[in-house]
Amino acid sequence: MRSLASKRKLAIDLDSVLADTMVIWVEEFNKRNNSSITKDNIISWDISKILDISITEVSDIFTYIWDKRWIDIPSTEPSIGNIVSNLHNKGFRISILTKRYRSSVSNVIKWLDLHKIHCDDLMFVYDDALKTEYPFDILVDDAPINFSDLVQPRIGILFNQPWNKNFSWPVRIDALSEVINIIKSYD
């Protein structure tokens, strides 16, 4: 009997799906600007407009936290490594698909190891490449823009975050552990 997944490729985004990066981003922003924003205040992808800062400053903070504070970045839910392993054990080929700047790659790998996150493939998206150019059957991401060129039978599952609440997308989850139930509804 074939498993539910039958070796389908499940691509999972890193930032804000596995790693709760914005928790540390806002902490660092608050330190630098003597402010008290929270992740829930980030209600749009365009952080620079919400906080009236430059895109460079937004990027510099992301660079800093992955370079200097990667160990402080929490997972989006407890035992995230076990959740990913369970998906793998159900027959999925697990791909971590993340848009990165090159200097963060080694710390991303250390973060995945620290949280015991198994993956069959670790794919880094650079520059302006679209995630839909990569091989997967199902994508879990917090950015609906990454689903814009998605065509069936591929599935896009939006991981709920404050900045994507206003996007209209039919398939959403609040926790990675919900993925298996979504996929059952497609089978």
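The values are calculated or read from the model by the stated rules, or taken from the named source; none is laboratory data. In this text the structure is predicted, and so the values were computed from the model without any measurement. Glycine also receives a Cβ, built like all others from the backbone with ideal geometry; neighbour counts cover every protein chain displayed. Surface areas here come from the heavy atoms of the whole protein model, side chains and all, with no ligands, DNA or RNA. Shrake-Rupley method; radii C 1.70, N 1.55, O 1.52, S 1.80 Å.
The table for this structure:
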{"read-out": "Within region 163-177, considering residues that are among the aliphatic types (A, V, I, L, M) and touching a residue at least 24 places away in the same chain (Cβ under 8 Å), the one most open to solvent (accessible area, probe 1.4 Å)", "value": "175"}
{"read-out": "Enumerated helices (runs of 4 or more DSSP H) restricted to region 6-119, each holding at least 2 residues that are of a type in the set (Gly, Ala, Ser) and under 26 Å from residue 183 (Cα atoms)", "value": "80-89"}
{"read-out": "Verdict on residue 61 being of a type outside the set (Phe, Trp, Tyr), within 24 Å of residue 146 (Cβ to Cβ), over 17 Å from the mean Cα position of the chain (by Cα) and modelled with pLDDT of 95 or more", "value": "yes"}
{"read-out": "Residues (at negative phi and open to solvent by 60 Å² or more (accessible area, probe 1.4 Å)) located in region 27-41", "value": "27, 31, 32, 33, 36, 38, 40, 41"}
{"read-out": "Residue within region 120-135 that is surrounded by 20 or more Cβ atoms within 10 Å (Cβ to Cβ) and out of contact with any helix residue (DSSP H, G or I) (no Cβ under 6 Å at 6 or more places or on another chain) present", "value": "no"}
{"read-out": "Qualifying residue in region 126-145 (condition: more than 16 Å from residue 19 (Cα to Cα), in a strand (DSSP E or B), of a type in the set (Val, Ile, Thr) and touching a residue at least 60 places away in the same chain (Cβ under 8 Å))", "value": "yes"}
{"read-out": "Hits in region 154-187 - residues which are assigned to a loop (DSSP other than H, G, I, E, B) and either farther than 27 Å from residue 126 by Cβ or among the hydrophobic types (A, V, I, L, M, F, W, C) (or both)", "value": "165, 166, 167, 168, 169, 170, 171, 174, 175, 187"}
{"read-out": "Checking residue 61 against (1) in contact with a Leu (Cβ under 8 Å, 6 or more places away or on another chain); (2) open to solvent by less than 30 Å² (accessible area, probe 1.4 Å), the condition it does not meet", "value": "(1)"}
{"read-out": "Test: residue in region 137-149 that is open to solvent by 20 Å² or more (accessible area, probe 1.4 Å), modelled with pLDDT under 95 and of a type in the set (A, V, I, L, M)", "value": "yes"}
{"read-out": "Every residue from region 81-105 that is farther than 25 Å from residue 130 by Cβ and hydroxyl-bearing (Ser, Thr, Tyr)", "value": "85"}
{"read-out": "Output for region 42-58, where each listed residue is open to solvent by 70 Å² or more (accessible area, probe 1.4 Å), within 16 Å of residue 161 (Cβ to Cβ) and not aliphatic (A, V, I, L, M)", "value": "45"}
